[in-house]
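Worksheet: the structure to be examined is printed underneath.
The values are calculated or read from the model by the stated rules, or taken from the named source; none is laboratory data. Predicted, not measured: the structure shown is a model, and the values here were computed from it. Reconstructed Cβ throughout: ideal geometry from the backbone, glycine too, with neighbour counts over all protein chains shown.
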Amino acid sequence: MDDQRSDTEVHEQLPLTEATFFILLSLVGGKKHGYAIMKDVEGLSEGRILFSTGTLYPALKRMLDQGWIKRVEDEAEEETLRPRKAYTLSALGRRILSAETRRMDTLVTTAQALLGVTS
Amino acid sequence: MSPGTQMTLRIYTHLLRLYPRQFRETFIDEMQVVFAMALQDATKRGGFHVARILYRELVDLPVAVISQHIYERRKIVMRMVTYGIRQDIRFIRWGTRVFSLMITGFYLSINLINEQIDYEPTIPIIIQVLLSISMLIAWRWERLGGMLTMAGTPILLTSLLVDNFQRGSWIVPTILASSAVALPYLIIGWLFYSLRQHTDIARVRQADDLEKEDTPKRYKLYLMMGAVCLLIIILLILSVTMLVGSEIVVTPNVIQP
């Protein structure tokens, strides 16, 4: 399904919310379970985005439904030996993230040029 | 785990029941584990962090529950719409096939009548036979059959015009009659081709793609089918009328004064 999305369809998903962007970004490094995503996003956003389970999991569900991320089995929990679910970025999710990054980069470059500000 | 933490986890588990069933079945275990981990971490850091976690969960819960119910509801509606579109496509597909048989049968019977009065098969008749075959191909390979039929239509029209003008037919009736013969093939070919495109779109587009509105396309399909049916009926009536016209012997291929 990833390969069937055209560039136009990818760009129609933009702009992403900050929370969505950071969730996708946190998965770039590899698969993570829900709590790891929460902590990672908190770190990446320098404490600005603090997820509760009520905000994280609906967001994860939407991204799963859209095919941006995939749900995979992780190693079993130590105490209960229950397999943990982890999430990983799909090819489509990576395309979406890259497109959003390019979009923001263009915005920043344009703004910097107009304002005469350098990074 | 302290009694307070256990009580908090029990309350949290009960609150999770507010979420839609499908969401609960997928995530309830995970959410319980993650909440427990977050609570455990916060407990180690102090009461303020515990209060912060609980506050965040309580504040976000009503909005999360309501928005998730709305989201699941919209998914169901979109699935019904997409299912409805697929039903429409199926209906239009069979309608197109029936029309292709009608066109083929109609012109075939006229050609058989002409055979009975010693009428020799001409190039237009041969092209018509080929177009009928391409329409039958479209039953299985819609895009290919549709394209072949559409591509053959101008050839048929040209051959009809040339054939009739060579026989000295009148210009305007020849053009009208030739168009009346050729146009149904073009329309049927285009329908078959469009059906394949719409089927591919319906297959690729997810039912829960909430950003796309499929309802307008559905009415567009109805409108398209209705207009095409009307046009084909008019063209058939025109052809039949010209065939049984009082002092003119009319065939789909020849109009003789």
Determine whether region B:80-93 contains at least one residue that is closer than 30 Å to B:V129 by Cβ, more than 14 Å from chain A (Cβ to nearest Cβ), modelled with pLDDT under 90 and surrounded by fewer than 15 Cβ atoms within 10 Å (Cβ to Cβ).
-> yes
Kindly list, by first and then second residue, each pair from a residue in region A:45-69 that is within 21 Å of A:R94 (Cβ to Cβ) and more than 8 Å from every other protein chain (Cβ to nearest Cβ) to a residue that is β-branched (V, I, T) and crowded, with 17+ Cβ neighbours inside 10 Å, limited to pairs with Cβ atoms under 6 Å and residues at least 6 apart or on different chains.
-> A:I49/A:V41; A:M63/A:I69; A:W68/A:I96
For residues that are closer than 23 Å to A:R84 by Cα and within 11 Å of chain A (Cβ to nearest Cβ), scanning just region B:36-57, find the one that is nearest to the chain's Cα centre (by Cα).
-> B:E57
From B:I127, B:I137, B:I70, B:I113, residue being exposed (fewer than 14 other Cβ atoms within 10 Å of the Cβ), in a helix (DSSP H, G or I), at pLDDT 85 or above and among the β-branched types (V, I, T) = B:I70
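Yes/no matrix, rows are residues, columns are (1) at pLDDT below 90; (2) under 54 Å from the mean Cα position of the chain (by Cα); (3) farther than 16 Å from A:K61 by Cβ:
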| residue | (1), (2), (3) |
| --- | --- |
| B:L9 | yes, yes, yes |
| B:L15 | no, yes, yes |
| B:F23 | no, yes, no |
| B:E30 | no, yes, no |
| B:V34 | no, yes, no |
| B:V59 | yes, yes, yes |
Subset of region A:18-40, residues under 24 Å from B:Y71 (Cα atoms), without any contact (Cβ under 8 Å) to a residue 40 or more places away in the chain and more than 8 Å from chain B (Cβ to nearest Cβ), comes to A:E18, A:F22
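Only one of A:S98, A:S52 is among the polar types (S, T, N, Q), within 24 Å of B:F35 (Cβ to Cβ) and either in contact with a helix residue (DSSP H, G or I) (Cβ under 8 Å, 6 or more places away or on another chain) or at pLDDT 90 or above (or both); which? Can you show your working first?
Working: A:S98 fails: within 24 Å of B:F35 (Cβ to Cβ).
A:S52 is the lone residue from the list that is among the polar types (S, T, N, Q), within 24 Å of B:F35 (Cβ to Cβ) and either in contact with a helix residue (DSSP H, G or I) (Cβ under 8 Å, 6 or more places away or on another chain) or at pLDDT 90 or above (or both).
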